[in-house]
Amino acid sequence: MQRLRFTKMHGIGNDYVYVDCFSQPKPDGAALARAVSPRRTGVGSDGVILILPSLTADCRMEMYNADGSRGEMCGNGIRCVGKYVYEHGLSRNNPLRVETDAGTKTLYLHIENGHVSAVTVDMGEPILDPARIPVATSAPRVIRHPLEVQGTSWEVTAVSMGNPHCVIFVDSVEHAPVQQVGPLIEHHPFFPARVNVEFIEPRDRRTLRMRVWERGSGETDACGTGACAALVAASLLDIVDRQATVELRGGPLTIDWRPEDNHVYMTGPAEEVFTGELLWPR
């Protein structure tokens with residue numbers, strides 16, 4: 001057994017257990033996520049993120065959902081990676097480059113008194129090609145596409161931000177059947193790699209409210225890639241402007257889909273909660 005050091009962090013309530021693999025051996029991320037994520041018998045988290053050395057960037061991020069499945073990208077998680085790497089001296093670069101399974105992302109750190117108060121992440125271009133999301137359809141795009149789920153038809157818009165998202169517009173997020181319909185859509189054959197499901201309530205041209213069912217973790221307080229996908233979907237339908245605030249249960253994110261490079265930029269906070277050790281097989 002080894003004493004595995006970890007740090008609990010969150011981005012507007014989307015919380016993960018972070019392991020610094022610069023200074024200790026890399027654990028089995030899937031097994032670790034299943035062990036520490038339960039909120040009554042573990043540390044309690046939406047999953048695990050490993051921070052590793054990279055040959056092409058300042059660091060590499062590997063993300064595992066609470067059920068142990070691998071996630072390509074996590075918007076709230078990567079902001080916390082930026083904060084950890086800077087404040088713990090792994091890299092003082094700003095901007096900071098983080099390698100992920102969805103490509104290398106550039107992070108612009110907002111520094112106040114030597115600490116990272118917020119992070120703006122260049123999330124890259126949104127993916128609308130169904131084959132790359134992936135979605136099981138021959139249509140050129142999936143925008144307000146009817147999807148039948150146990151006898152009810154939902155209009156869905158599919159976007160990838162390096163991981164797949166299904167965006168649904170509703171009259172009220174408070175009354176949206178997130179926990180009933182979310183898992184059914186997550187595992188629907190229309191989405192062969194499973195999918196994150198966002199329920200979106202438009203408030204005005206600059207504001208969206210959102211609840212999210214995350215693939216492999218269930219309903220969470222926030223999802224950064226989901227907020228980006230929601231802004232893209234709403235902008236495509238001319239519901240909001242290309243820059244807007246997405247209000248989640250954990251707090252707001254500012255999302256900016258810039259026409260000059262077609263990239264989506266996400267800005268939000270990152271918080272370190274506590275550190276600890278657990279006994280883990282070598």
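Filtering Pro95, Pro140, Pro146 for residues that are touching a Pro at 6+ places or on another chain (Cβ under 9 Å) and either open to solvent by 50 Å² or more (accessible area, probe 1.4 Å) or closer than 27 Å to Ala270 by Cα (or both) leaves a single hit, Pro140.
Among the residues of the stretch 111-130, the one identified as among the hydroxyl-bearing types (Ser, Thr, Tyr) and within 17 Å of Ala227 (Cβ to Cβ) is Thr120.
Matching residues to (1) within 16 Å of Pro164 (Cα to Cα); (2) charged (D, E, K, R); (3) assigned to a helix (DSSP H, G or I); (4) in contact with a Gly (Cβ under 6 Å, 6 or more places away or on another chain):
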site: Leu208; (1), (2), (3), (4): no, no, no, no
site: Val212; (1), (2), (3), (4): yes, no, no, yes
site: Ala222; (1), (2), (3), (4): yes, no, no, yes
site: Val232; (1), (2), (3), (4): yes, no, yes, no
site: Ser235; (1), (2), (3), (4): no, no, yes, no
site: Ile239; (1), (2), (3), (4): no, no, no, no
site: Val246; (1), (2), (3), (4): no, no, no, no
site: Pro259; (1), (2), (3), (4): no, no, no, no
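Of all the residues in the stretch 153-193, those that are in contact (Cβ under 8 Å) with a residue 60 or more places away in the chain and either of a type in the set (D, E, K, R) or on the phi > 0 side of the Ramachandran plot (or both) number 1.
Find the residue count for the stretch 1-20, including only residues that are in contact with a Lys or Arg (Cβ under 9 Å, 6 or more places away or on another chain) and not small (Gly, Ala, Ser). Total meeting the criteria: 10.
Checked against the criterion of being assigned to a helix (DSSP H, G or I), more than 19 Å from the chain's Cα centre (by Cα) and closer than 20 Å to Glu272 by Cβ, the stretch 21-28 contains not a single residue that satisfies it.
Could we say that Ile185 is open to solvent by less than 40 Å² (accessible area, probe 1.4 Å), of a type in the set (A, V, I, L, M) and in a helix (DSSP H, G or I) here? Yes; evaluated as a whole, the condition is true for this residue.
Name the single residue, out of those in the stretch 153-169 being over 21 Å from the mean Cα position of the chain (by Cα) and under 20 Å from Glu214 (Cα atoms), that is most open to solvent (accessible area, probe 1.4 Å). Only one residue fits best here, namely Glu155. The strands (runs of 3 or more DSSP E) found entirely in the stretch 34-152 that carry 1 or more residues being more than 20 Å from the chain's Cα centre (by Cα) and touching a residue at least 12 places away in the same chain (Cβ under 8 Å) are 103-112, 115-122, 145-149.
Scan the stretch 25-55 for residues that are open to solvent by 20 Å² or more (accessible area, probe 1.4 Å) and over 20 Å from Asn163 (Cβ atoms) and the total you get is 13. Among the residues of the stretch 188-206, the ones that are out of contact with any helix residue (DSSP H, G or I) (no Cβ under 6 Å at 6 or more places or on another chain) and in a strand (DSSP E or B) come to 4 in all. Could you pull out the residue among Ala233, Ala193 that is touching a Ser or Thr at 6+ places or on another chain (Cβ under 6 Å) and either buried (at least 19 other Cβ atoms within 10 Å of the Cβ) or farther than 26 Å from Gly82 by Cβ (or both)? Among Ala233, Ala193, only Ala233 is touching a Ser or Thr at 6+ places or on another chain (Cβ under 6 Å) and either buried (at least 19 other Cβ atoms within 10 Å of the Cβ) or farther than 26 Å from Gly82 by Cβ (or both). For Val98, are the conditions met, namely being hydrophobic (A, V, I, L, M, F, W, C) and under 16 Å from Trp257 (Cα atoms)? When the stated conditions are applied, Val98 does not pass them. Out of all the residues in the stretch 61-76, is one or more in contact with a Phe, Trp or Tyr (Cβ under 9 Å, 6 or more places away or on another chain) and surrounded by fewer than 16 Cβ atoms within 10 Å (Cβ to Cβ)? Yes; the residues of the stretch 61-76 include at least one that is in contact with a Phe, Trp or Tyr (Cβ under 9 Å, 6 or more places away or on another chain) and surrounded by fewer than 16 Cβ atoms within 10 Å (Cβ to Cβ).
The values are calculated or read from the model by the stated rules, or taken from the named source; none is laboratory data. Since the structure is predicted, the reported quantities are computational estimates derived from the model, not experimental observations. Cβ sites come from the backbone with ideal geometry, for glycine too, and all protein chains shown count toward neighbours. Quick note on the areas: whole protein, heavy atoms, side chains included, nothing else; ligands and nucleic acids left out. Shrake-Rupley method; radii C 1.70, N 1.55, O 1.52, S 1.80 Å.
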